[in-house]
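The values are calculated or read from the model by the stated rules, or taken from the named source; none is laboratory data. Bear in mind that the values here come from a model prediction, so they are computed numbers and not experimental data. Cβ atoms come from the backbone with ideal geometry, glycine included; neighbour counts cover every protein chain shown.
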2 protein chains.
Amino acid sequence: MSDYEHTCLIRGDGGATLRAILDQICNKWTLLIVATLDRGTLRFTDLHQQIPGISQRMLTLTLRNLERDGLVARTVYAEVPPRVEYELTPVGKSLIPPALALAGWAIEHVPHIEASRAAYQPKSGR
Amino acid sequence: MSDYEHTCLIRGDGGATLRAILDQICNKWTLLIVATLDRGTLRFTDLHQQIPGISQRMLTLTLRNLERDGLVARTVYAEVPPRVEYELTPVGKSLIPPALALAGWAIEHVPHIEASRAAYQPKSGR
DNA sequence: CCGAATCCTACTAGATACTG
DNA sequence: CAGTATCTAGTAGGATTCGG
């Protein structure tokens, strides 16, 4: 089947729906957290350590968004010290394959893109 | 095959490579432009009209980025009045399928996500 | 241990006006 | 026609501190 008939999926409502979702998963940490949680249930501190460079703030915010969107389940255990576990919901897991498709494309074409960037000479000014 | 072995694609170098690419295609207009150009070669004004809401500035900036990354070819005809045509390169076209995969996921799960958002009750404070 | 609250900075995108 | 220049507002993300 040709791409032609299907790019309407992207252009759809002017791209608004798709972009809303894309914005959500592109916000620098979401995809990384989802990919990390794909390995299994993790606690807050585990996530914080397994994702280098993330701040507590962004980890909290991103997890809240994922929870709100139903991609991640948050379980609080009433213990001392407190324990909170995060895991992917089925919907969250279903994001992995398309994300991998894009990741595969990215990895595959990074050399080309970087070469193109290096060779790029702006025609006017800069 | 399991996702497990492959999420390394996402986590790879801490997600930096993938995120660099994702940031590029998530910047609100890129995917829309690529999807529009998938229909064929277009001039600047055509693009401007076919993509509702985009400003001249953002169209120019996004096209420049795409050109720099080798996803879009820009052809200037030395005529009066000036004519500039944009078309996808093979690499640009190769972005369509994985983008469609993600778009399909988005469209499919938007109802679930919106329902989840509506039902979401923050547990603490807010 | 798991956050919430606050402050701060840099970048993005939009509006508008001007140019070769 | 196909841009460029300038200005501005909004937001994402980082650092730090405090609380249960």
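Could you please let me know if B:Val84 is part of a strand (DSSP E or B) and either over 22 Å from B:Leu22 (Cβ atoms) or away from every other protein chain (no Cβ under 12 Å) (or both)?
Details: part of a strand (DSSP E or B): yes; either over 22 Å from B:Leu22 (Cβ atoms) or away from every other protein chain (no Cβ under 12 Å) (or both): yes.
Considered against the rule, which asks whether it is part of a strand (DSSP E or B) and either over 22 Å from B:Leu22 (Cβ atoms) or away from every other protein chain (no Cβ under 12 Å) (or both), B:Val84 comes out as yes.
Restricting to the range A:1-37, what's the tally of residues that are more than 30 Å from B:Leu88 (Cα to Cα) and out of contact with any strand residue (DSSP E or B) (no Cβ under 6 Å at 6 or more places or on another chain)? Give the steps one after another, and end with the answer.
In the first step, residues of the range A:1-37 are kept if they are more than 30 Å from B:Leu88 (Cα to Cα); the result is A:33-37.
Those still in the list that are out of contact with any strand residue (DSSP E or B) (no Cβ under 6 Å at 6 or more places or on another chain) too: A:33-36.
Qualifying residue count, the range A:1-37: 4.
So which residues in the range B:55-100 are out of contact with any strand residue (DSSP E or B) (no Cβ under 6 Å at 6 or more places or on another chain), near DNA strand C (Cβ under 10 Å from one of its atoms) and within 18 Å of B:Trp29 (Cβ to Cβ)?
Correct list: B:Ser55, B:Gln56, B:Arg57, B:Met58, B:Leu59, B:Thr60, B:Leu61, B:Thr62, B:Asn65.
Scan the range A:66-81 and give yes if some residue there is at positive phi and either at the interface with chain B (Cβ under 7 Å from one of its Cβ atoms) or at pLDDT 90 or above (or both), otherwise no. Full working, then the answer.
Narrowing the range A:66-81 to residues at positive phi: A:70.
Checking which are either at the interface with chain B (Cβ under 7 Å from one of its Cβ atoms) or at pLDDT 90 or above (or both) leaves us with A:70.
The answer is yes, given that some residue of the range A:66-81 is at positive phi and either at the interface with chain B (Cβ under 7 Å from one of its Cβ atoms) or at pLDDT 90 or above (or both).
The rows are residues; the columns are (1) more than 7 Å from every other protein chain (Cβ to nearest Cβ); (2) β-branched (Val, Ile, Thr); (3) over 12 Å from the mean Cα position of the chain (by Cα).
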| site | (1), (2), (3) |
| --- | --- |
| A:Ala20 | yes, no, yes |
| A:Cys26 | no, no, no |
| A:Ile54 | yes, yes, yes |
| A:Leu88 | yes, no, yes |
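How many of the residues making up the range B:73-104 are touching a residue at least 60 places away in the same chain (Cβ under 8 Å) and exposed (fewer than 14 other Cβ atoms within 10 Å of the Cβ)?
Within the range B:73-104, residues that are touching a residue at least 60 places away in the same chain (Cβ under 8 Å) and exposed (fewer than 14 other Cβ atoms within 10 Å of the Cβ) number 0.
Are there any pairs, at least 6 apart or on different chains, whose C-beta atoms fall under 8 Å, with the first in the range A:13-37 and within 13 Å of DNA strand C (Cβ to nearest atom) and the second outside any helix (DSSP H, G or I) and basic (Lys, Arg), and if so, which?
Pairs found: A:Arg19/B:Lys28; A:Asp23/B:Lys28.
Report the residue count in the range B:92-119 for those that are closer than 30 Å to B:Leu37 by Cβ and among the small types (Gly, Ala, Ser).
7
Among (1) over 24 Å from A:Trp105 (Cβ atoms); (2) modelled with pLDDT under 95; (3) assigned to a helix (DSSP H, G or I), there is one condition B:Pro97 misses while meeting the rest; what is its number?
Single failed check for B:Pro97: (1).
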